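Peer 1: Pasting a structure below so you can have a look.
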Amino acid sequence: MKPMAFTFAALALVLATVTPASAADLAGAKAFVVQLYSHYGKQTAPVFDPTGADAKTVFDPSMVALFRENARLTPKGDVGAIDGDPICDCQDDGGMRSRLGAVRMVAPDTATAEVELTFTEASPPEHRRLTLTLVTIHGQWRLYDIRSQETPSFRAYLVKANHEARRGHSPG
């Protein structure tokens, strides 16, 4: 076989094996984000607690460890670095509506998802755009990081806050 023909054959084989899995992974990533935001706007019990009791079903294990470390480092009675809900970039999700934008596979086990949030109870309504970085953990999608206009990386913010708390400085 000629080198060029071999290269094309190898490329075709790789694409044939990667494309179907990527389509399934992309559908799974979309479904995870839709399910994640379906918790908002409901007044039912139990309350969705993405950085607490529900963290393991929402975030990757390293982010859950950062949450736990931040809670451990926060003096009793104080508010730690997480003073709101990072999934909605808010403290009050009242009137929040979400719209899933583009979801892209950026690696075999990593995707990004754009989410547009509108808070209709604010006057005028507030709009926010978040970029979620998703990873697969044991075949399940989880949040690895969240980017917003005000916080370029929630993960980096939390790492820095924990570092400062260990050194005895307040997060900021």
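The values are calculated or read from the model by the stated rules, or taken from the named source; none is laboratory data. Computed from a prediction, not measured in an experiment: that's the story for all the values here. All Cβ positions, glycine included, derive from the backbone under ideal geometry; neighbour counts span all protein chains shown.
Peer 1: Suppose the filter is in a strand (DSSP E or B) and not small (Gly, Ala, Ser); does Leu158 pass it?
Peer 2: When the stated conditions are applied, Leu158 does not pass them.
Peer 1: Can I ask one more? Among the residues of the range 64-75, what is the count of those that are more than 13 Å from Ala161 (Cα to Cα) and either at pLDDT 90 or above or polar (S, T, N, Q) (or both)?
Peer 2: Residues that pass the stated criteria total 2.
Peer 1: For the range 1-54, which positions are in contact with a Lys or Arg (Cβ under 9 Å, 6 or more places away or on another chain), at pLDDT below 90 and among the hydrophobic types (A, V, I, L, M, F, W, C)?
Peer 2: Phe48 - this is the single residue of the range 1-54 that is in contact with a Lys or Arg (Cβ under 9 Å, 6 or more places away or on another chain), at pLDDT below 90 and among the hydrophobic types (A, V, I, L, M, F, W, C).
Peer 1: Further question: In a helix (DSSP H, G or I) and surrounded by fewer than 12 Cβ atoms within 10 Å (Cβ to Cβ) - does that describe any residue in the range 89-99?
Peer 2: No, that holds for no residue.
Peer 1: When the range 148-169 is examined, which residues are found to be under 12 Å from Ala81 (Cβ atoms), touching a residue at least 40 places away in the same chain (Cβ under 8 Å) and under 15 Å from the mean Cα position of the chain (by Cα)?
Peer 2: Listed by number, the residues that qualify are Thr151, Phe154, Arg155, Tyr157, Leu158.
Peer 1: So which residues in the range 59-82 are in contact with a Lys or Arg (Cβ under 9 Å, 6 or more places away or on another chain) and among the aromatic types (Phe, Trp, Tyr)?
Peer 2: Answer for the range 59-82, where residues must be in contact with a Lys or Arg (Cβ under 9 Å, 6 or more places away or on another chain) and among the aromatic types (Phe, Trp, Tyr): just Phe59.
Peer 1: Can you spot a residue in the range 37-49 that is of a type in the set (Gly, Ala, Ser) and farther than 29 Å from Glu121 by Cβ?
Peer 2: Looking for residues that are of a type in the set (Gly, Ala, Ser) and farther than 29 Å from Glu121 by Cβ, one finds none in the range 37-49, hence no.
Peer 1: While we're on this one: Name, by its number, the condition in (1) modelled with pLDDT of 95 or more; (2) out of contact with any strand residue (DSSP E or B) (no Cβ under 9 Å at 6 or more places or on another chain) that does not hold for Arg167.
Peer 2: Of the numbered conditions (1) modelled with pLDDT of 95 or more; (2) out of contact with any strand residue (DSSP E or B) (no Cβ under 9 Å at 6 or more places or on another chain), the odd one out for Arg167 is (1).
Peer 1: When residues of the range 102-117 are filtered for being part of a strand (DSSP E or B) and loosely packed, with under 15 Cβ neighbours inside 10 Å, how many remain?
Peer 2: Here the count works out to 5.
Peer 1: Can you tell which of Phe119, Phe154 is at pLDDT below 95 and either in contact with an Asp or Glu (Cβ under 6 Å, 6 or more places away or on another chain) or of a type in the set (A, V, I, L, M, F, W, C) (or both)?
Peer 2: Answer to the selection: Phe119.
For every residue, the table says whether it meets (1) in contact (Cβ under 8 Å) with a residue 12 or more places away in the chain; (2) more than 13 Å from the chain's Cα centre (by Cα).
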{"position": "Phe67", "(1), (2)": "yes, yes"}
{"position": "Leu73", "(1), (2)": "yes, yes"}
{"position": "Ile82", "(1), (2)": "yes, yes"}
{"position": "Asp85", "(1), (2)": "yes, no"}
{"position": "Asp89", "(1), (2)": "yes, no"}
{"position": "Val115", "(1), (2)": "yes, no"}
{"position": "Thr131", "(1), (2)": "yes, no"}
{"position": "Leu134", "(1), (2)": "yes, no"}
{"position": "Gly139", "(1), (2)": "no, yes"}
